[in-house]
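Beneath this line is the structure, given in structure tokens, with notes to follow.
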Amino acid sequence: MATVEKRIITVRTSVIAPAEVVWKHWTTPESITGWNNASDDWHTPRATNDLRKGGKFNYRMEARDGSIGFDFEGIYDNVIENRQIDYTIGDGRKVKITFAPKGKATDIVETFEAENTHPFEIQQNGWQNILDNFKKFTESQK
């Protein structure tokens, strides 16, 4: 039986805000709907988030023109407030997000297993775009 090696993608940013503020915007459904999109022609009209080990989240992601959409959902494996979130996406892939205070900023590193449907670079760019939108959103909320 052949073993398939999982490809790992890492995206990162530094947000000029304290870890508590970053955490709030990352985890609050009202904030998630404000930043969770990879491009301006997509949006997240609703989000639910039960932020605890074993809790579930669901973000409805849709094209703004209504032509396509999907539910991005998973179950939390580990939650350390203001520091780390680990979860399993509905398709079984693992994600780890760390939040590290650095002076007046918080560094975010998000590592996830790539899927096999879309090219590696498209996945990396999409997740990085979402993270960049999070940075813009959070820094504009001051």
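The values are calculated or read from the model by the stated rules, or taken from the named source; none is laboratory data. In this text, all values refer to a predicted model and were calculated from it rather than measured experimentally. Heads up, the Cβs are rebuilt from the backbone with ideal geometry, glycines too, and the neighbour counts pull from every protein chain shown.
Sort through 44, 13, 48 and tell me the only one that's part of a strand (DSSP E or B) and closer than 26 Å to residue 102 by Cβ. On inspection, the qualifying residue turns out to be 13.
Is it the case, given these coordinates, that residue 42 is farther than 23 Å from residue 90 by Cβ and either free of Cβ contacts under 8 Å to residues at least 40 places away in the same chain or out of contact with any Gly (no Cβ under 8 Å at 6 or more places or on another chain) (or both)? Let's see the steps before the verdict.
Details: farther than 23 Å from residue 90 by Cβ: no; either free of Cβ contacts under 8 Å to residues at least 40 places away in the same chain or out of contact with any Gly (no Cβ under 8 Å at 6 or more places or on another chain) (or both): yes.
In short, no.
If I filter the range 90-127 down to residues being charged (D, E, K, R) and assigned to a strand (DSSP E or B), which single residue comes out as farthest from residue 24 (Cα to Cα)? Applying the filter and picking the extreme gives 113. Listed conditions (1) hydroxyl-bearing (Ser, Thr, Tyr); (2) surrounded by 16 or more Cβ atoms within 10 Å (Cβ to Cβ); (3) in a strand (DSSP E or B) are all met by residue 138, apart from (3). Any residue in the range 118-142 that's touching a residue at least 60 places away in the same chain (Cβ under 8 Å): show its pairings with residues that are of a type in the set (Lys, Arg) and outside any helix (DSSP H, G or I) at Cβ separation under 7 Å, as long as the two are six or more apart or on different chains. What qualifies is 120/7. Checking 34, 66, 74 one by one, the residue that is at pLDDT below 95 and not charged (D, E, K, R) is 66 and no other. Scanning the range 112-123 for residues that are polar (S, T, N, Q) and surrounded by 16 or more Cβ atoms within 10 Å (Cβ to Cβ) yields a single hit, 123. Of all the listed residues (24, 53), the sole one being part of a loop (DSSP other than H, G, I, E, B), of a type in the set (Lys, Arg) and either more than 21 Å from residue 120 (Cα to Cα) or modelled with pLDDT under 95 (or both) is 53.
Each row is one residue, and each column tells you yes or no for (1) under 22 Å from residue 9 (Cα atoms); (2) surrounded by fewer than 17 Cβ atoms within 10 Å (Cβ to Cβ).
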{"residue": "37", "(1), (2)": "yes, no"}
{"residue": "60", "(1), (2)": "no, no"}
{"residue": "66", "(1), (2)": "no, yes"}
{"residue": "99", "(1), (2)": "yes, no"}
{"residue": "109", "(1), (2)": "yes, yes"}
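Residue 48 meets each of the listed conditions (1) within 12 Å of the chain's Cα centre (by Cα); (2) more than 16 Å from residue 141 (Cβ to Cβ) apart from (1). Restricting attention to the range 68-84, the residues that are assigned to a strand (DSSP E or B), surrounded by 15 or more Cβ atoms within 10 Å (Cβ to Cβ) and among the polar types (S, T, N, Q) add up to 0.
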